[in-house]
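> Here it is, the structure in full.
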Amino acid sequence: MTLRPAAVLLALALTAAACAGTAAPDLADGDRTVEEAAAAAAEEATGPDVAEDAAGDDAAGEEPATVEALWWTASTVTDGELFDAADLSGGNVVLWLWAPWCSVCNREAPEVAEALADLPDDVTVIGVAGRDDLGPMRDFIAEHGLEDMTHVVDANGAVWASYGISYQPAWVFIDGAGNTAVAAGALGYDGLFAGIDQVFRS
C-alpha cells in the first residue's frame, strides 16, 4: 500500500487527541504476523499493477482487484459474521479505530454517529474495535447509537498494527487505488469530513 506523508492530514492531527499509555499488542501464538498476512494478500492480488488492474476491471464491468491496504478479515462485533475488507476494494474506505474504555473514543462517538447520516454515497466507514472483550464493545456501540455502522473485532491488534497504529482513536483513509492516509486521535464530525475532502476529493 502507499502510505501518504503525515503532512496530508497534519491539520487534522494537530487538533486531535488520543488515549495515552497503550502499546501495540503482541500477536497471539499461532496467528500470522501482520507482515505474513500482508504479503499473502499482495500475492493473492495481481502484483505491482493492482491499481491499473482495478481500473481495467471497472471498465469491463468486473469486480476491482483487491488492494493491499484491505488484506484483512475479521468477525463483526454485533453478530460474529465474517467480514472481508477486500470486498471494499475500489471504493473510498474510512476505518475508525476505537476501544470501549477509551475516554476520547467515548467523547467522539456521538459525533461519529451523527456523521453517518451525512456520509457521501461513495464513502464507507468501518469501526475497528480493539483491546477489550466483545461485551464492552457491544455496549459501546449500543450506548452511542452506532448500530447502523459495521464494526469488526481486532482482538490481537493485527489490523491496527498493519497501518502502523498502536493507539486509539485513530482514523485510516483508503482510496480506491489503495493509497492510505492516517490521522492520529479524534476527528469528530468536522474533522472526518475534512479528511474525506482532503484524501478522496483532492
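The values are calculated or read from the model by the stated rules, or taken from the named source; none is laboratory data. Quick caveat: nothing in here was measured; it's all calculated off a predicted structure. Cβ placement follows ideal geometry from the backbone for every residue including glycine, while neighbour counts extend to all protein chains displayed. Accessible surface is based on the protein model in full, side chains and every heavy atom, while ligands, DNA and RNA are left aside. Shrake-Rupley method; radii C 1.70, N 1.55, O 1.52, S 1.80 Å.
> Quick check on region 69-89. Is at least one of its residues of a type in the set (D, E) and in contact (Cβ under 8 Å) with a residue 40 or more places away in the chain?
no
> Touching a helix residue (DSSP H, G or I) at 6+ places or on another chain (Cβ under 9 Å) and among the charged types (D, E, K, R), is that true of D121?
Taking the combined requirement at face value, the residue does not satisfy it.
> Considering region 130-153 alone, what residues qualify as being more than 16 Å from the chain's Cα centre (by Cα) and assigned to a strand (DSSP E or B)?
none
> Name, by its number, the condition in (1) farther than 21 Å from W72 by Cβ; (2) touching a residue at least 40 places away in the same chain (Cβ under 8 Å); (3) open to solvent by 10 Å² or more (accessible area, probe 1.4 Å); (4) among the small types (G, A, S) that does not hold for A184.
(1)
> On to the next question. Taking the condition under 14 Å from V77 (Cβ atoms), surrounded by fewer than 23 Cβ atoms within 10 Å (Cβ to Cβ) and at pLDDT 95 or above, does T150 pass?
Taking the combined requirement at face value, the residue satisfies it.
> Within region 88-129, which residues are in contact with an Asp or Glu (Cβ under 7 Å, 6 or more places away or on another chain), under 18 Å from F173 (Cα atoms) and open to solvent by less than 20 Å² (accessible area, probe 1.4 Å)? Please lay out each step first, then the result.
Applying the first criterion (in contact with an Asp or Glu (Cβ under 7 Å, 6 or more places away or on another chain)) to region 88-129 yields 90-92, 99-101, 116, 128-129.
Checking the rest, the ones that are also under 18 Å from F173 (Cα atoms) come to 90-92, 116, 128-129.
Within region 88-129, V128, A129 meet the criteria.
> Shifting gears a bit: Failed condition for A142, given (1) without any contact (Cβ under 8 Å) to a residue 40 or more places away in the chain; (2) open to solvent by less than 40 Å² (accessible area, probe 1.4 Å); (3) hydrophobic (A, V, I, L, M, F, W, C), with all others met?
(2)
> Let me ask you something else. Of everything in region 160-179 that's at pLDDT below 95 and open to solvent by less than 10 Å² (accessible area, probe 1.4 Å), which residue is farthest from L70 (Cα to Cα)?
In this case the residue turns out to be Q168.
> For region 14-120, which helices (runs of 4 or more DSSP H) that fit wholly inside it have 2 or more residues that are at pLDDT 95 or above?
103-116
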